[in-house]
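For reference, the structure discussed in these notes is given below.
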Amino acid sequence: MTPGSISTQEAERPLRKDAARNRELILETAAEVFAEQGLEAGYDEIARRAGIGVGTVYRRFPERSELVQALFESRIDEMVAIGDEAAAIPDAWDGLTWFFEKSVEKQVADRGLKEVMVQTLNESGQMTVGRERIAPIVESLMQRAQAEGALRKDVEVTDLGMQFMLIGSLSTPEQPELWRRYLTLLFDGLRARPDSTPLPLEAPPDEAMHLLMCNLQGRRS
């Protein structure tokens, strides 16, 4: 290896770090802009808020669909990370409830972005991919809580998925954290008790959950 090649490699390392930082900065800024203005917001606005050149945004994400896809994947990665932290909590009930509280916090804080992303990603099937990554985490947390006798036995993964969507929509400008009231009610209903009322009907299958989610989004738009 020649001295020239060593200096070239050393010069490239900061560029790779800068590129990674720029990518994260673009994603964070785009999330804010899209949440406020929708997915048609211009790259110029994203670049201005991020404090970088618009050419940098185009180099990282030449197509808008690539940027939306990257945002979606980053949100799924965040949910998976929350699930990993929840699984590490020794008490199964505490792990399950902590996961849902943190997940709803994310959903409420990111509602504007989530709603506009759902409109686009529904068509590409990526929402199904997201559910496939999150559902095993929820199922594992649930099974652990049920095995410890903390979570009622007749609750299914799709039951919790439906509650997650509904509770995440419960906030007002006057009470932005109103959802916490209903999350507490949900947790009380999920507790295993000898006198719990048996749940009627069956939990909806995954296909029905997808339709319910689309209907819920349609009513909000």
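Evaluate the distance, in nm, between pseudo-label points positioned 7 Å from the Cα of T197 and of E132 along their respective Cα→Cβ axes.
About 3.8 nm, to one decimal.
Give the aspartates and glutamates reachable from K102 as a straight Cα distance under 13 Å; neighbours fewer than 8 places away on the same chain don't count.
In chain and number order, the partners are E78, D84, E85, D94, D110, E177.
I'd like the accessible area for E45: 1.4 Å probe, protein heavy atoms, all chains in place, Å² to the nearest 10.
Near enough 40 Å² of accessible area.
How far apart, in nm, are the 7 Å Cα→Cβ label points at D91 and A20?
3.7 nm
Mind listing the phi-derived Karplus ³J(HN,Hα) values for region 55-66, rounded to whole Hz, using 6.51, -1.76 and 1.60 with θ = phi - 60°, and x for any glycine or proline?
3J(HN,Hα) across region 55-66, in whole Hz: x, 5, 5, 5, 5, 6, 9, x, 10, 4, 4, 5.
Send over a whole-number figure in Å² for the accessible area per residue of region 48-93, probe 1.4 Å. Intermediate results must be reported in sequence, preceding the final value.
Details: 2450 Å² over 46 residues.
For region 48-93, the solvent-accessible area averages 53 Å² per residue.
Evaluate the distance, in nm, between pseudo-label points positioned 7 Å from the Cα of S140 and of E40 along their respective Cα→Cβ axes.
Here the answer is 4.2 nm between the modelled labels.
The values are calculated or read from the model by the stated rules, or taken from the named source; none is laboratory data. Source: prediction; values computed, not measured. Positions of Cβ are generated from backbone atoms using ideal geometry, with glycine treated the same way; all protein chains shown enter the neighbour counts. In case anyone asks, the SASA skips ligands and DNA or RNA and just uses the protein heavy atoms, side chains included. Shrake-Rupley method; radii C 1.70, N 1.55, O 1.52, S 1.80 Å.
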